[in-house]
Ligand SMILES: Cc1ncc(COP(=O)(O)O)c(C=O)c1O
């Protein structure tokens, strides 16, 4: 993490709320993924944090990309737009997956010229792809267990495994090619058995598809790789060794992709905020800061995530409430945060590990703009 002294210096220079992106940490996270999962090509899930500078750093590090909207596609495309046409096309085919199983007609029409790999999970989507993006390659997204994940995704997406081969056949009948399978075990998955079960399920579908003459070439194991928000989260290498074992045993010759979002960016960003109000309410000390759940702390609502608020100053502590700057009572960051009771208006606080699903879902609610972004170590 960036040192407290450096954070304070940056806040003095740029003001608060300040969202500090540490590109050295981004490169480190990418390197860890490559080191421990050497067979798996990471497609950074841009939705986790779509700042173009983050995409640029990961592009330069050799990442591939999972995009789920045309604006996300365009952010990645900015990095390759000057490549010779053939090279650019090869990059899109090889290194971009459009991993949103539901795509609008307008999106498909724009995607078609790029001939990307796209995910699907239902019959209606096959009809749309056939009509509006017949040059796309397909990956069938299957529903897998999300038990114990912080963010559950299986209620919204994923074909029932039992209907997978029917959906592969239907795509084939529509003149489309299914390249492989994809799944998502739920975001911030600390239950590593979800991956093991999903890989086993995928093996069964590969075999059934093969028996019907469909040779699937790739397996996309999605996102879900947990960020180490605290020591209760087991280290990445223990998940990786489980994954490597299962993949080598069940998919020794298959191309393996993954779509890590949170793992790449969560630990690379820190928020610095200022105390703008202090009150005693019902015997509880309440601090008000200049960022909240409509802004960088939006992950409290959308991502079911908790972020500690830390003080730079030491002093006798009390259990406090911490609120954001808007007029909405929903704008509550914490109701039981241990902070020094001696903090004063103008003092700074910070929240580490706040890079994923935070700034990305920040709003302008109540007239407060998203935090200023500063990049270090680019
Ligand atoms: C299709 C897909 N891929 C990848 C991700 C990234 O997941 P994570 O941030 O858990 O790695 C998501 C997150 O919602 C997703 O929906």
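The values are calculated or read from the model by the stated rules, or taken from the named source; none is laboratory data. In this text the structure is predicted, and so the values were computed from the model without any measurement. Reconstructed Cβ throughout: ideal geometry from the backbone, glycine too, with neighbour counts over all protein chains shown.
Points worth noting:
- Selection status of residue 147, more than 25 Å from residue 256 (Cβ to Cβ) and either surrounded by 17 or more Cβ atoms within 10 Å (Cβ to Cβ) or within 16 Å of the ligand (Cβ to nearest atom) (or both): no
- Taken over the stretch 95-110, the residue count meeting the criterion of being within 16 Å of the ligand (Cβ to nearest atom) and buried (at least 16 other Cβ atoms within 10 Å of the Cβ) is 9.
Results for (1) farther than 21 Å from residue 42 by Cα; (2) in contact with a strand residue (DSSP E or B) (Cβ under 9 Å, 6 or more places away or on another chain), shown as yes or no for each residue.
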| residue | (1), (2) |
| --- | --- |
| 168 | yes, yes |
| 187 | no, yes |
| 196 | no, no |
| 201 | yes, yes |
| 208 | yes, no |
| 216 | no, yes |
| 222 | no, yes |
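- Exactly one residue among 72, 113 is out of contact with any helix residue (DSSP H, G or I) (no Cβ under 7 Å at 6 or more places or on another chain), without any contact (Cβ under 8 Å) to a residue 60 or more places away in the chain and under 22 Å from residue 138 (Cβ atoms), and that residue is 113.
- Taken over the stretch 177-218, the criterion of being more than 14 Å from residue 159 (Cα to Cα) and within 19 Å of the chain's Cα centre (by Cα) is satisfied by 186, 187, 188, 189, 190, 191, 192, 194, 195.
- When the test is whether a residue is away from the ligand (no atom under 16 Å from the Cβ) and either assigned by TED's automatic domain parsing to the domain that holds residue 302 or modelled with pLDDT of 95 or more (or both), residue 59 passes it.
- For the stretch 155-191, the set of residues classified as closer than 22 Å to residue 229 by Cβ and either surrounded by fewer than 20 Cβ atoms within 10 Å (Cβ to Cβ) or away from the ligand (no atom under 16 Å from the Cβ) (or both) consists of 190, 191, listed by residue number.
- Restricting 166, 118, 151 to residues that are in the same structural domain as residue 210 (by TED's automatic domain parsing) and without any contact (Cβ under 8 Å) to a residue 12 or more places away in the chain narrows the list to 166.
- Matching strands (runs of 3 or more DSSP E) fully within the stretch 194-289 where at least 2 residues are under 30 Å from residue 346 (Cβ atoms) and more than 16 Å from the ligand (Cβ to nearest atom): 269-281, 284-289
- Residue list for the stretch 77-94, restricted to those being within 27 Å of residue 19 (Cβ to Cβ) and either within 16 Å of the ligand (Cβ to nearest atom) or part of a helix (DSSP H, G or I) (or both): 77
- Residues that are touching a helix residue (DSSP H, G or I) at 6+ places or on another chain (Cβ under 8 Å) and within 25 Å of residue 228 (Cβ to Cβ) within the stretch 304-331 comprise 305, 306, 307, 312, listed in sequence order.
- Some residue of the stretch 26-48 being under 15 Å from the mean Cα position of the chain (by Cα) and surrounded by fewer than 19 Cβ atoms within 10 Å (Cβ to Cβ): no
- Conditions (1) assigned to a helix (DSSP H, G or I); (2) closer than 20 Å to residue 358 by Cβ: number failed by residue 74: (2)
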